[in-house]
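What follows is calculated from the coordinates using simple rules that are stated; it is not laboratory data. Computed from a prediction, not measured in an experiment: that's the story for all the values here. Note: ideal-geometry Cβ built from the backbone for every residue, glycine included; neighbour counts use all protein chains shown.
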Amino acid sequence: MSDSEHVGEAGASTTGAGWRNWLIAALLATCYTFSYIDRQIISLLIEPIKRALDISDTQFGLMQGISFSFFYVAASLPLAWLADRTRRSRLISACVTFWSVMTMACAFAGNFWQMLAARIGIAAGESGLPPAALSTLADRFDNRRLATATSMFMLAPFLGGGFALAGGGALYAAIGRWDRSSLPILSGLDDWQWVFLIVGAPGLIAALLLLLIHDRRPSGHAQRKGFGELMLFFRQEWRVAGVYCMAMGVLMTVLSSYVTWLPAAIMRSKGVDEATMGTLFGPIYLVAGAGGTISAGVLISLRGGADPVRAILRYMMLMLALMWPIGTFGLLGSSFQLELALMGVALFLLSSVTSLSSLPFQYVTPPHLRAQALAVMSAVAAMFGTGLGPVLAGFISDSLTFVDHPMSVSLSIITAVVLPCVFAMLAFTMRYHARSRLDLRFRA
């Protein structure tokens with residue numbers, strides 16, 4: 001996959017996008033999809049893992065939630081620092097290898113602490129992919145094509161989540177029918193252990209393919225730049241970079257609370273069982289999320305013009321304005337079918353915004369700081385999203401003892417309050433972007 005069109009010494013963007021670059025974009029998107037499958041497959045295996053390892057719900061929540069997000073954030077900045085100083089393809093390959101091995105190691109965990117260590121390893125490995133991969137895309141694609149390439153990458157949360165839920169359940173059922181008695185070493189493994197082994201293995205193949213990518217080592221000048229310069233950039237350009245970063249972090253509280261609690265809220269309010277909800281809501285989640293992601297990338301590629309950052313911010317604000325009444329009132333009706341339809345529209349609009357979240361930073365940050373800046377945004381999103389969103393929704397629900405269906409009301413309150421705040425921060429960012437035009441300064 002060597003590419004004569006690739007970046008210059010400072011990592012400036014290419015003037016075109018050859019077929020090799022699109023293959024690389026597809027490979028990076030595949031790796032990101034694998035990361036979400038490896039991350040979320042455990043949610044289907046809660047009961048057999050609890051029985052096998054004798055762990056409590058509290059321990060499982062710690063293993064899946066707070067500890068995962070904490071180590072994801074802790075590892076992201078050091079790995080992003082390396083991404084701005086080493087050959088990114090090799091770093092990404094190492095990260096994919098590490099989290100894939102840790103996924104497979106989950107199969108051999110004998111107690112809570114061993115499983116926790118493996119999950120921490122998955123979190124640390126996965127945290128290195130997005131900043132390095134998005135920086136690679138920014139180097140390889142011009143302004144017009146970058147939005148499409150990035151939207152392809154950002155499909156992963158919806159594809160990976162969908163495959164983990166649908167494909168993981170089918171895989172678990174199929175493994176139960178296999179005759180493994182003739183296997184010399186692994187015949188004694190339980191069905192859930194085989195799931196971890198199988199879903200972790202494809203990442204090792206992708207890691208080998210990543211080593212075929214040819215990219216240049218950053219110049220000596222770029223390698224000497226430190227974390228202090230990144231902080232200086234955020235201090236000087238806080239009206240654009242800082243406010244936008246905070247806006248995306250706050251928005252993630254809505255997405256993470258939806259991902260965690262939306263199916264439960266609908267089931268509780270409409271009296272629907274898990275099987276019915278999974279059958280109906282799974283395809284809606286996948287199609288709405290993928291549709292919003294793809295359409296946003298295509299529209300920005302076609303309509304971005306000479307100022308793609310402004311086009312992105314305006315598009316985000318439009319989607320948030322459309323989503324506000326749907327997200328605020330859509331869960332409060334009496335019709336199950338209407339509620340599913342409205343939540344599908346809400347997820348479409350929300351994914352349209354979140355899929356573009358990295359693009360402004362890909363345009364307005366210096367190339368030698370880009371991976372670190374993207375890591376800062378990912379860390380803020382993880383703290384507000386994974387860390388705060390589900391907890392906030394649960395706390396509000398527990399406090400609403402005087403209303404019917406408190407979780408539905410909780411999600412409505414979060415949407416009603418958060419979206420106007422994010423809208424205002426994006427408007428502020430767009431105003432100062434027009435004055436600074438950092439995208440012209442840092443992109444060729």
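Details
- Within-10-Å neighbourhood charge of Arg370 [Cβ basis; K, R +1; D, E -1]: -2
- By average C-beta atoms within 10 angstrom, highest first, the peptides 238-248, 421-431, 399-409, 311-321: 238-248, 311-321, 421-431, 399-409
- Other residues with beta-carbon under 13 Å from the beta-carbon of Arg435 carry, at +1 per Lys or Arg and -1 per Asp or Glu, a net charge of +2.
- As a length-normalised measure over Cα pairs under 8 Å and 6 or more apart, the relative contact order of the range 98-193 settles at 24 percent.
- Given [x] 29.1; [y] 22.5; [z] 23.5, the label whose value is Kirkwood radius over Cα pairs in Å derived from this model: [y]
- Dimensionless Rg ratio for the range 227-444, taking C-alpha atoms and the 2.2 N^0.38 Å reference: 1.07
- Sorted fewest first by neighbouring Cβ atoms within 10 angstrom, Val345, Val418 come out as Val345, Val418.
- Residues in the range 68-79 carry Karplus couplings, in order, of 5, 5, 4, 6, 4, 5, 4, 8, 5, 5, x, 5 Hz; the curve used is 6.51 cos²θ - 1.76 cosθ + 1.60 with θ = phi - 60°, and Gly or Pro positions show x.
- Cβ crowding within 10 Å, taken as a proxy for footprinting-reagent exposure, orders Met63, Met343 from fewest neighbours to most as Met63, Met343.
- Amide H to amide H, with H built 1.01 Å from N, Phe141 comes under 5 Å of Thr14, counting only residues 5 or more places away or on other chains.
- Applying the Karplus relation 6.51 cos²θ - 1.76 cosθ + 1.60 with θ = phi - 60° to the range 299-316 yields 3J(HN,Hα) values of 5, 5, 4, 7, 10, x, x, 6, 10, x, 5, 4, 4, 5, 5, 5, 5, 4 Hz, where x marks Gly and Pro.
- J(HN,Hα) series, the range 396-413, from Karplus relation 6.51 cos²θ - 1.76 cosθ + 1.60, nearest Hz, glycine and proline x: 4, 4, 5, 7, 8, 6, 9, 10, 7, 6, x, 5, 4, 5, 4, 5, 5, 5
- The relative contact order of the chain comes to 25 percent, based on Cα pairs under 8 Å that sit 6 or more residues apart.
- The chain, helix-only ellipticity at 222 nm - DSSP H runs n ≥ 4, -39,500 (n - 2.57), divided by all residues, nearest 500: -25000 deg cm²/dmol
- Remark: the chain carries a charge dipole of roughly 1500 debye about the Cα centre, counting +1 on each Lys and Arg Cβ and -1 on each Asp and Glu Cβ.
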